Amino acid sequence: MADDAFLRISNLVKEFDGHRAVNDVSVDIAKGEVFALLGSSGCGKTTLLRMLAGFETPTSGTITLDGNDLADLPPYVRPMNMMFQSYALFPHLTVFDNIAFGLRREGLPAAEIDARVEAMLKLVQLASYAKRKPHQLSGGQQQRVALARSLAKKPQLLLLDEPLGALDKKLREETQIELAGIIHDVGVTCVLVTHDQEEAMTMASRIAVMSEGRFLQVGPPAEIYETPATRFVADFIGNVNLMDGSLVVDEADHVVVDCGDVRHRIGHGITGTRGMPVTVALRPEKIRIRRDALTSPAPGDSGVNRAHGTIKEVAYFGSFTVYHLQMASGRVLKISQSNAERQQGAQLTWGDSAWATWTDLSPVVLTQ
């Protein structure tokens with residue numbers, strides 16, 4: 001493990017009545033990093049966060065923060081703050097007093113409290129709302145007040161549990177970038193729990209994809225998306241076409257996988273044997289759709305990285321259009337095409353015959 005780890009989680013286990021909610025998890029998180037725990041409900045991510053906060057006691061394993069073991073520290077002594085989905089603002093207190101609440105309980109001088117609260121209000125751009133009550137604010141503003149209150153005590157570690165879950169989709173998208181910017185400006189180390197992949201990819205510098213209490217893959221958002229390690233990760237992050245097949249060529253710089261009605265040439269090697277079963281993952285946005293077949297297929301193999309079929313579904317989303325291309329076998333290929341031009345001429349539509357093509361750098365071979 002890295003020597004510069006600020007937060008170190010080692011072989012952490014949490015059992016409830018014989019069930020392992022968190023199963024031998026280890027990771028190092030650097031100072032100033034925003035680290036996301038991403039997974040569906042029940043995967044163990046919130047249990048892991050609650051162990052960091054001290055609300056749950058590990059069955060085994062260790063948690064150290066800046067070299068200090070947190071095992072015997074109760075939640076109220078730990079140098080961290082946790083922000084919940086509900087925000088938990090005091091309805092009878094003003095925005096100013098909500099942010100000041102924790103500082104007053106610590107017995108700080110009034111002048112220091114005032115200065116720190118005013119700095120937080122400026123940071124979250126709510127200085128003009130200091131005298132308002134929470135019910136007089138929008139959801140996004142309440143979220144920023146909760147963040148300001150969490151940051152006012154200058155925690156070494158900030159824990160966020162589904163921080164944007166209470167907001168509607170449009171406001172959540174706007175707030176993701178805003179929240180990430182504030183956390184980056186402050187430089188606080190942050191662990192974020194979410195089931196929303198866009199939230200994780202927008203806000204985090206690294207993501208851990210969790211399932212059944214384990215980390216399936218840990219890495220930067222682009223790495224998780226572009227080179228998923230398992231079928232579960234590929235399917236969980238974004239949209240993907242997953243095609244089962246067998247390995248027919250395995251060279252150092254490329255492989256060929258036969259998936260029946262589709263033959264893939266993929267520009268990376270794997271450690272495998274000919275004939276072994278594998279899965280090809282191909283993102284919809286990496287496929288091009290056209291009425292006619294390509295005249296210059298991939299070198300050495302005229303039948304690879306192309307598919308012919310009939311368009312069965314078309315969905316227009318404004319910035320992009322999704323096509324479902326049904327091949328002769330009945331298999332459906334999902335294709336996402338950017339609407340870069342305002343007027344694109346005759347569009348492909350239901351019932352049209354079409355070809356799908358992609359490069360050998362687009363798919364990924366999965367062996368598990």
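The values are calculated or read from the model by the stated rules, or taken from the named source; none is laboratory data. On a predicted model such as this, the values are computed, not experimentally measured, just so you know. Cβ sites come from the backbone with ideal geometry, for glycine too, and all protein chains shown count toward neighbours.
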Count of residues meeting criterion [among the small types (Gly, Ala, Ser) and surrounded by fewer than 17 Cβ atoms within 10 Å (Cβ to Cβ)] in the range 35-57: 3
Condition broken by residue 141, with the remaining ones in (1) buried (at least 19 other Cβ atoms within 10 Å of the Cβ); (2) not in a loop (DSSP other than H, G, I, E, B) satisfied: (1)
Every pair of residues 6+ apart whose Cβ atoms lie under 7 Å, when the first sits in the range 76-98 and is touching a residue at least 12 places away in the same chain (Cβ under 8 Å) while the second is basic (Lys, Arg): 81/153; 91/133; 94/131; 94/132; 94/133; 95/132; 96/131; 98/149
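Go through the residues of the range 35-42 one by one and say whether even a single one is part of a strand (DSSP E or B) and under 17 Å from residue 155 (Cα atoms).
At the first step, the residues of the range 35-42 found to be part of a strand (DSSP E or B) are 35-38.
When the remaining residues are screened for being under 17 Å from residue 155 (Cα atoms), the result is 35.
The answer is yes; a qualifying residue exists.
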Failed criterion for residue 121 (all others in (1) buried (at least 21 other Cβ atoms within 10 Å of the Cβ); (2) touching a Leu at 6+ places or on another chain (Cβ under 9 Å) hold): (2)
Boolean, residue 23 is assigned to a strand (DSSP E or B), exposed (fewer than 14 other Cβ atoms within 10 Å of the Cβ), at pLDDT 95 or above and assigned by TED's automatic domain parsing to the domain that holds residue 181: no
Count - residues of the range 63-72 that are in contact with a Ser or Thr (Cβ under 9 Å, 6 or more places away or on another chain), touching a residue at least 24 places away in the same chain (Cβ under 8 Å) and surrounded by fewer than 20 Cβ atoms within 10 Å (Cβ to Cβ): 1
The one condition in (1) free of Cβ contacts under 8 Å to residues at least 24 places away in the same chain; (2) surrounded by 21 or more Cβ atoms within 10 Å (Cβ to Cβ); (3) not small (Gly, Ala, Ser) that residue 158 fails to fulfil: (1)
Where residue 60 falls short, out of the listed (1) surrounded by fewer than 16 Cβ atoms within 10 Å (Cβ to Cβ); (2) under 20 Å from residue 156 (Cα atoms); (3) in contact with a strand residue (DSSP E or B) (Cβ under 9 Å, 6 or more places away or on another chain): (2)
Hits in the range 98-138 - residues which are part of a loop (DSSP other than H, G, I, E, B) and either more than 22 Å from residue 182 (Cα to Cα) or of a type outside the set (Ser, Thr, Tyr) (or both): 106, 107, 108, 109, 124, 125, 126, 130, 131, 132, 133, 137
Single match in 85, 141 (criterion: assigned by TED's automatic domain parsing to the domain that holds residue 194, polar (S, T, N, Q) and in contact with a helix residue (DSSP H, G or I) (Cβ under 8 Å, 6 or more places away or on another chain)): 141
Which listed residue is in the same structural domain as residue 202 (by TED's automatic domain parsing), out of contact with any Gly (no Cβ under 7 Å at 6 or more places or on another chain) and either of a type in the set (Gly, Ala, Ser) or at pLDDT below 95 (or both), from 44, 61: 61
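Among the residues of the range 237-274, write down those that are part of a strand (DSSP E or B), of a type in the set (A, V, I, L, M, F, W, C) and under 15 Å from residue 304 (Cβ atoms). Spell out the reasoning first.
As a first pass, look at the range 237-274 and keep what is part of a strand (DSSP E or B): 241-250, 255-258, 263-266.
Retained after the next criterion (residues that are of a type in the set (A, V, I, L, M, F, W, C)): 242-243, 247-249, 255-257, 266.
Within the range 237-274, 243, 247, 248, 249, 255, 256, 257, 266 meet the criteria.
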Every residue from the range 314-345 that is within 17 Å of residue 291 (Cβ to Cβ) and among the charged types (D, E, K, R): 341
Residues within the range 8-30 that are closer than 12 Å to residue 51 by Cβ and in contact with a Phe, Trp or Tyr (Cβ under 8 Å, 6 or more places away or on another chain), tallied: 1
